[in-house]
2 protein chains.
Amino acid sequence: MSPDYDLTQYQNPLFTVDSVLFTILQDSLKVLLVKRANAPFKGRWGLPGGFVDVELDDNTDMSALRKIKEKTSVAPQYLEQLQAFSGINRDPRGFSVTLVYYALISPQQVATQIDSVDDVRWVDLSEIPDLAVAFDHKHIIEKAKARLQQKALYSMIPVYCLPDQFTIGQLKTAIEAIISKPIQRKSLVRRIEASNMFEALDEKVKSGGRLAQLYKLKPDVDIVHFERNLSLG
Amino acid sequence: MSPDYDLTQYQNPLFTVDSVLFTILQDSLKVLLVKRANAPFKGRWGLPGGFVDVELDDNTDMSALRKIKEKTSVAPQYLEQLQAFSGINRDPRGFSVTLVYYALISPQQVATQIDSVDDVRWVDLSEIPDLAVAFDHKHIIEKAKARLQQKALYSMIPVYCLPDQFTIGQLKTAIEAIISKPIQRKSLVRRIEASNMFEALDEKVKSGGRLAQLYKLKPDVDIVHFERNLSLG
DNA sequence: CAAATAGTGTCTTTAAGACAATATATA
DNA sequence: TATATATTGTCTTAAAGACACTATTTG
């Protein structure tokens, strides 16, 4: 074997793939945590993830998806790479790299699955600071939340936290839960119109007052990125 | 050893760190390529990068920086993680992951170093499609360029492709080289003012017409993100 | 002075913010 | 009818686009 191929000269870092799975439940933002079955941090809550399985995964997207499916039994509606986190100290076993994805899913899709087990739980973002979390996963969750907040200002990705039929009120609530700020309903209506991503259904639904129009994503639409952010204030 | 720690049950993917280093040279966007000294793709042009050295690198940022310094002898003014690229087919040696950074540097900082060797070269972005490039690095360069273009619309990062003293005209030219579209000088002036990131020097400099005001970054400023994009057209 | 580039003034345009007004449910 | 929520209308505001106009330098 040529020295060019001598991979043993470098100690390959420990490489894992983890995911921050978000949803909106009870009008607030939740993240999926899993009770760790193995050391290190056995018994603590952590992000769903693990090692790449070269036999099963064509790439890391599939590793992330496979691990999410193991815990929720369904594929999320939205999945995107966040970033890698690495370091000499983040895992007691040595230099490690975790490639982190973040994902959005509607709570209905996973409700029965999650309610039936006690090692998987939706955790409110407000509980995270006080919770003992494995590795640097607390930090990772904060980064994922920041990215989601940013993206909510110039795109419609919060719809992927909702059922596929939803009202403008639900979408408004979801966005406000994500960014922790009220937004103008009118701005949202304008964006729904301008993006051309959605279609109004014939159906309307109860809401406590006037019936609300149901919308759904048009099939196979691309996500529109608006050229301005919603304002924070 | 507990089975929890049995890492041999998984074949750890091949992990590398690569960087797409950009600069502005002759009013156009260039990327730094390195002639590969080793297989695979020995002799082809590729991105600077390589394996993590657990002895030298505290994290992957330092791996990226170390490799860039090896080729240019200086640290870039801007360095940010782009994304990981992975797959079963992108490296003949098997499942591999490369964590890619992109970086910006002023050409003056590296000119003498690069001119003195023949295995490192600034390549114009327009040459990339016709060039034989190692691995999936052509695809990676396109992704890095897209990210840089996007970011140029709502931030001032193109200044990191310039010398630390620069004129508005130079910055305008740099942005236009990155996004391949003309922009309004007035918009740029307004952003320089609004961002409060820069200070005008006492000095002015020749430009072919009226003398141009020199600016520099204020020390330790954070990069401002504007709430709107410059328009494409 | 002509040409070139720098810098300013200002009107227009675009899309969001603010919020009033109207519509339609339920108790 | 009172209340709650949905929907629409429209005026204001913020920041970019367009582009004319002035300023300053060199040949």
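Computed quantities for the displayed model
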item: Condition met for residue A:182 (within 16 Å of residue A:77 (Cα to Cα), within 16 Å of DNA strand D (Cβ to nearest atom) and at pLDDT 95 or above); result: no
item: Residue B:86 being more than 16 Å from the chain's Cα centre (by Cα) and of a type outside the set (Asp, Glu); result: yes
item: Selected residue (criterion: farthest from the other protein chains (Cβ to nearest Cβ)) from residues of the range A:189-200 that are closer than 30 Å to residue B:154 by Cβ, open to solvent by 60 Å² or more (accessible area, probe 1.4 Å) and more than 12 Å from DNA strand D (Cβ to nearest atom); result: A:196
item: Members of the range A:201-213 found to be surrounded by 12 or more Cβ atoms within 10 Å (Cβ to Cβ) and free of Cβ contacts under 8 Å to residues at least 24 places away in the same chain, listed by number; result: A:204
item: Single condition residue A:223 does not satisfy, out of (1) within 16 Å of DNA strand D (Cβ to nearest atom); (2) under 22 Å from the mean Cα position of the chain (by Cα); (3) surrounded by 13 or more Cβ atoms within 10 Å (Cβ to Cβ); result: (1)
item: Failed item in (1) open to solvent by less than 60 Å² (accessible area, probe 1.4 Å); (2) in contact (Cβ under 8 Å) with a residue 12 or more places away in the chain; (3) in the same structural domain as residue B:43 (by TED's automatic domain parsing), with residue B:147 passing the rest; result: (1)
item: Verdict on residue B:105 being crowded, with 22+ Cβ neighbours inside 10 Å, touching a strand residue (DSSP E or B) at 6+ places or on another chain (Cβ under 8 Å), within 23 Å of residue A:18 (Cα to Cα) and away from chain A (no Cβ under 13 Å); result: no
item: Candidates A:173, A:167, filtered to the one that is within 13 Å of DNA strand D (Cβ to nearest atom) and closer than 30 Å to residue A:45 by Cβ; result: A:173
item: Any hit, the range A:210-232, residues being within 15 Å of DNA strand C (Cβ to nearest atom) and assigned to a helix (DSSP H, G or I); result: no
item: The range B:200-209, residues that are more than 9 Å from DNA strand C (Cβ to nearest atom) and more than 11 Å from residue B:167 (Cβ to Cβ); result: B:202
item: Residue tally, condition among the polar types (S, T, N, Q) and within 18 Å of residue B:49 (Cα to Cα), over the range B:130-159; result: 0
item: Number of positions in the range A:44-58 that are crowded, with 21+ Cβ neighbours inside 10 Å and of a type in the set (D, E, K, R); result: 1
item: Complete set of residues in the range A:59-91 that are open to solvent by 10 Å² or more (accessible area, probe 1.4 Å), of a type outside the set (Asp, Glu) and more than 10 Å from every other protein chain (Cβ to nearest Cβ); result: A:65, A:66, A:67, A:69, A:71, A:73, A:74, A:75, A:76, A:77, A:78, A:79
item: Which listed residue, of B:130, B:118, is under 30 Å from residue B:41 (Cα atoms), at pLDDT below 95 and exposed (fewer than 13 other Cβ atoms within 10 Å of the Cβ); result: B:118
item: Those residues of the range B:23-43 which are more than 16 Å from the chain's Cα centre (by Cα) and either of a type in the set (Ser, Thr, Tyr) or open to solvent by less than 60 Å² (accessible area, probe 1.4 Å) (or both), in sequence order; result: B:36, B:39, B:40, B:43
item: Single match in A:216, A:172, A:186 (criterion: farther than 25 Å from residue A:100 by Cβ and buried (at least 18 other Cβ atoms within 10 Å of the Cβ)); result: A:172
item: Residue list for the range A:1-26, filter: over 26 Å from residue B:61 (Cβ atoms), modelled with pLDDT of 75 or more and in a loop (DSSP other than H, G, I, E, B); result: A:26
item: Members of the range A:134-161 found to be touching a strand residue (DSSP E or B) at 6+ places or on another chain (Cβ under 7 Å) and among the hydrophobic types (A, V, I, L, M, F, W, C), listed by number; result: A:134, A:135, A:140, A:141, A:144, A:148, A:157, A:159, A:161
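Condition check ((1) under 30 Å from residue A:219 (Cβ atoms); (2) not β-branched (Val, Ile, Thr)) across all residues:
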position	(1), (2)
A:97	no, no
A:101	yes, yes
A:125	no, yes
A:133	no, no
A:138	no, yes
A:147	yes, yes
A:154	yes, yes
A:171	yes, yes
A:175	yes, no
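The values are calculated or read from the model by the stated rules, or taken from the named source; none is laboratory data. Fair warning: this is a prediction, and the values are worked out from it, not measured in the lab. Because the Cβ atoms are built from the backbone with ideal geometry, glycine has one as well, and the counts that use them run over all protein chains shown. Side chains included, ligands, DNA and RNA excluded: accessible areas come from the protein's heavy atoms. Shrake-Rupley method; radii C 1.70, N 1.55, O 1.52, S 1.80 Å.
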